[in-house]
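Reading through the C-alpha cells given below for one structure.
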Amino acid sequence: MTTKEGWQGRFFEDFEVGDVYQHPLGRTVTTTDNIWFTLLTQNTAPIHFDHHYAAQTEFGKPLVDSTFTLALVTGQSVTDISQNVFANLGWDEIRLPNPVFEGDTIYSQSEVLEKRESRSRPDVGIVTVKTTGYNQNGKIVITFKRIIMVYRRGQAPKIPRLVPEEKPMVKPEA
C-alpha cells in the first residue's frame, strides 16, 4: 500500500498572473447561518434576522448579512489561494452587486492579478487576487481584491503528519 500526501495548497512560486482557480466547494446559506452570524457580530439591522420586518421590504424576505458573504467566499478560496498564507494584508474594492438570500448556494473563483517578491521578508511573496462569488443561478453576489503574503516553497511551518500506531488485531471470542 502506498501512502500519498493530500493537497498542500499553493506556494508563492505556484501563482501565475492570469490564472483562474474555480474553488471546489459551494455552500448553501441557511437561516441559522444568517441569524447566528448577524447576532454574533452584533449587527442589529432587523432585515437580517426578523422575517416579519424583512417581509415588508422590497426584497420580501431576509437578506444575508453581507459580512457573512465576504467571510464565506474568502473561506471558499483558502484551499486554492491562502492555504499557505503568512498574513492577509487586506481586502479592497468589495462590491455587492446582488443580494444573497437564505437558501442561496454560493460558489466562487479567484483570478491572480499581481505577484511580487516581498521587499522585507525573503521567505514570502505577495499575491493579489480578485475573487468573485456567485449564486446557484450564476448571478454575481460579491467581488473583491485580496492581498496576501504567502510562503515560498520550503519556508512554511511544517504541518505535523502523525501516523497511527500499529495494533495487532484482536480476534473476537466465539
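Going by the structure shown, is Ala87 surrounded by 11 or more Cβ atoms within 10 Å (Cβ to Cβ), of a type in the set (Gly, Ala, Ser) and more than 27 Å from Thr128 (Cβ to Cβ)? Taking the combined requirement at face value, the residue does not satisfy it. Filtering region 122-174 down to residues that are aliphatic (A, V, I, L, M) and part of a loop (DSSP other than H, G, I, E, B), which residue is nearest to Gly90 (Cα to Cα)? Going through the qualifying residues, I end up with Ala156. Among the residues of region 36-59, which ones are assigned to a loop (DSSP other than H, G, I, E, B) and within 20 Å of the chain's Cα centre (by Cα)? If the condition is that a residue be assigned to a loop (DSSP other than H, G, I, E, B) and within 20 Å of the chain's Cα centre (by Cα), then Thr41 is the only one that fits.
Filtering Val150, Val100, Val127, Val170 for residues that are among the aliphatic types (A, V, I, L, M), at pLDDT 95 or above and over 25 Å from Trp7 (Cβ atoms) leaves a single hit, Val100.
Screening the candidates Ile159, Ile142 for the property of being among the hydrophobic types (A, V, I, L, M, F, W, C) and at pLDDT below 90 yields one hit, Ile159.
With the requirement that a residue be part of a loop (DSSP other than H, G, I, E, B) and over 16 Å from Met149 (Cα atoms), what does region 83-121 give you?
Filtering region 83-121 for residues part of a loop (DSSP other than H, G, I, E, B) gives 83-84, 96-100, 102-104, 118-121.
The answer is Leu96, Pro97, Asn98, Pro99, Val100, Glu102, Gly103, Asp104.
Residue check: Gly75 meets all listed conditions (1) surrounded by 13 or more Cβ atoms within 10 Å (Cβ to Cβ); (2) of a type outside the set (A, V, I, L, M, F, W, C); (3) closer than 24 Å to Asp19 by Cβ; (4) touching a residue at least 12 places away in the same chain (Cβ under 8 Å) but one, namely (4). Based on what the data block shows, is Ser110 small (Gly, Ala, Ser), surrounded by 12 or more Cβ atoms within 10 Å (Cβ to Cβ), over 21 Å from the mean Cα position of the chain (by Cα) and on the phi < 0 side of the Ramachandran plot? No; evaluated as a whole, the condition is false for this residue. Which one of these is under 30 Å from Ala156 (Cβ atoms), acidic (Asp, Glu) and either in contact with a Ser or Thr (Cβ under 7 Å, 6 or more places away or on another chain) or in a helix (DSSP H, G or I) (or both): Asp80, Asp33? Selected residue: Asp80, the only one of Asp80, Asp33 that is under 30 Å from Ala156 (Cβ atoms), acidic (Asp, Glu) and either in contact with a Ser or Thr (Cβ under 7 Å, 6 or more places away or on another chain) or in a helix (DSSP H, G or I) (or both). Against the numbered list (1) in contact with a helix residue (DSSP H, G or I) (Cβ under 9 Å, 6 or more places away or on another chain); (2) crowded, with 19+ Cβ neighbours inside 10 Å; (3) in contact (Cβ under 8 Å) with a residue 40 or more places away in the chain; (4) not β-branched (Val, Ile, Thr), Arg27 comes up short only at (2).
The values are calculated or read from the model by the stated rules, or taken from the named source; none is laboratory data. For clarity, every value in this text was computed on a predicted model and none was experimentally measured. Glycine also receives a Cβ, built like all others from the backbone with ideal geometry; neighbour counts cover every protein chain displayed.
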